[in-house]
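Heads up: the structure comes next, in structure tokens.
The values are calculated or read from the model by the stated rules, or taken from the named source; none is laboratory data. Quantities reported herein were computed from a predicted structural model and do not represent experimental measurements. Neighbour counts run over all protein chains shown; Cβ positions are idealised from the backbone, glycine included.
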Amino acid sequence: MINYNKSLQYLYRKVRPGKFKLDVKTLEKTQRQVIAALMDNPAHCGALRKSSVIIRNLRKVDEIVFIPPDSKNVRKLLADLLKFIQDNIGKVDPVILAAIFHRQCVIIHPFIDGNGSTTRLLTTAILGKAGLDLFEIFSFENYYNRNITRYFKAVGLEGDYYDLADEIDFSDWLEYFADGILDELRRVRKSLPEQSTPKPLLEPHHHQILDYIREHGSMTQREYGSLSSRSLASRKLDFGKLVKLALIEAKGTGRGTHYVRIY
């Protein structure tokens, strides 16, 4: 978790100023940060896998669930995925784009270990790069960890990648992914303190001034005084506020001062 948070902060510092670059090097660096000091073989840290892997049932280790692509195909598959994401930022809805990346990256399984966390971190970064910044709102881990079995079932495949590659359906996953974002946003919203309704920017007497000027073309202090019981000091403040909001402007000087609309 410490590694995950450090990597999340690193990506946040890259995305916010527009310095985030989605490429293989970024994936490798993120994976290296996630598994730092957690693996015995340093060759598996920050490098695409060079051997085949098998995904087994967490409860029945002798049961094979999924066989990812051969290691020789990983770099090409990953490059194609990253290019697709880059080419469609600004063209495809950020949620759909991030969801496609999330599942396809998990399916490719580019690393020996740390694939899930790496993918979820970069999914957050992709959303931020595409205009949906969720870094300070929530982490995908919160939603998925509530039902990790359902997450694995939604994001993964069962069988051999090469038997399934041409028929992979993302529909259910896209719904699950979007629901996850909505669910977390609702949770965060409930945790926020209730705020009082903000005071309207303009009071009725301000609208009275604007309506009068709209009808007559201008308004003086004397004319406002004949319509309103507000004190002279208050009337001056009313005009001053509308001037500050660039809704009206003063013309003339002294007793000849009058106020007109700004169009």
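Descriptive notes on the structure:
- Single match in D238, D172 (criterion: touching a residue at least 12 places away in the same chain (Cβ under 8 Å), surrounded by 13 or more Cβ atoms within 10 Å (Cβ to Cβ) and not small (G, A, S)): D238
- Test for L38: is it closer than 16 Å to P110 by Cα and touching a residue at least 24 places away in the same chain (Cβ under 8 Å): no
- Residue within segment 223-236 that is on the phi > 0 side of the Ramachandran plot and part of a loop (DSSP other than H, G, I, E, B) present: no
- Selected residue (only one of L164, L174, L210 is assigned by TED's automatic domain parsing to the domain that holds R235 and in a helix (DSSP H, G or I)): L210
- Lone unmet requirement of (1) exposed (fewer than 10 other Cβ atoms within 10 Å of the Cβ); (2) over 30 Å from I100 (Cβ atoms); (3) within 41 Å of the chain's Cα centre (by Cα); (4) among the basic types (K, R) for R255: (3)
- One residue stands out in segment 124-154 among those that are among the β-branched types (V, I, T) and crowded, with 21+ Cβ neighbours inside 10 Å: the one that is farthest from L82 (Cα to Cα), namely T124.
- The residues on offer are R189, R120, and the sole one that is over 14 Å from the mean Cα position of the chain (by Cα) and within 28 Å of Y10 (Cβ to Cβ) is R189.
- Residue in segment 98-120 that is at pLDDT below 90 and in the same structural domain as Y12 (by TED's automatic domain parsing) present: no
- The combined condition, being touching a His at 6+ places or on another chain (Cβ under 6 Å) and either assigned by TED's automatic domain parsing to the domain that holds G90 or under 15 Å from I55 (Cα atoms) (or both), is fulfilled by T123.
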